[in-house]
1. Just checking, how many residues over the stretch 133-151 are under 17 Å from Thr41 (Cβ atoms) and open to solvent by less than 100 Å² (accessible area, probe 1.4 Å)?
2. Quick one: Tyr98 ticks every box in (1) at pLDDT 90 or above; (2) surrounded by fewer than 16 Cβ atoms within 10 Å (Cβ to Cβ); (3) in contact with a Phe, Trp or Tyr (Cβ under 9 Å, 6 or more places away or on another chain) except a single one, so which number is it?
3. State whether one or more residues within the stretch 153-170 are exposed (fewer than 13 other Cβ atoms within 10 Å of the Cβ), modelled with pLDDT under 90, part of a loop (DSSP other than H, G, I, E, B) and touching a helix residue (DSSP H, G or I) at 6+ places or on another chain (Cβ under 6 Å).
Amino acid sequence: EAKKREICDVDKKYVTPNVGHSVKHPKLELPRFSGSWREWTHFWDGFRQVHESRILPDIDEIRYLSSCLDGTAAQLVSGITLEDGHYSDMVDLLIKTYGRPTALKASHILALVGLETPTNDLQALSEFRAQVEGHVRSLQILKVTSDEILTCLCHTKLPSAMDTISKRTNGDNW
């Protein structure tokens, strides 16, 4: 675990392939990802800097990416070897699994519905407000419509067999 954190704290010299000289990169705190839908956007937005920089060779990028994964996300990619050329396979698998807009929207809608009623003290109310605002902001960024909210809520009331049939028929589009 300590080694994973060490790898996730980027503070090394790299040779920039296009320029051919050493460049001291600023320390970059890479986010962790355990496989929670609600964490995906935050994680990918943070890791995208490494992904799109193309300064590092694939072998280093795959090491950074795998070192920042825990839980079900780490299990998902555990069969992908840390060899050159497999980085894009790992990224594609994570994006196909966690980057589905409908599932991301549903996770935030259901999280809002499932929030515990806060107690009547200032700390609990403050935490409740922060959670609500975080989910609402995420839903705004994902451009969730009122129809999508209603559809998601209706799906929660369907028996699981009906929900499965509906998903097979409509795919990931509620």
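1. Qualifying residue count for the region: 9.
2. (2)
3. no
Listed here are the residues, each with its yes/no results for (1) touching a helix residue (DSSP H, G or I) at 6+ places or on another chain (Cβ under 9 Å); (2) among the hydroxyl-bearing types (Ser, Thr, Tyr).
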| position | (1), (2) |
| --- | --- |
| Cys68 | yes, no |
| Met90 | yes, no |
| Thr97 | yes, yes |
| Thr102 | yes, yes |
| Leu115 | yes, no |
| Gln123 | no, no |
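The values are calculated or read from the model by the stated rules, or taken from the named source; none is laboratory data. What you see is a predicted model; the values in this text were computed from it and never measured. Reconstructed Cβ throughout: ideal geometry from the backbone, glycine too, with neighbour counts over all protein chains shown. The protein model used for the area step is the full one, side chains on, heavy atoms only, and it has no ligands, DNA or RNA in it. Shrake-Rupley method; radii C 1.70, N 1.55, O 1.52, S 1.80 Å.
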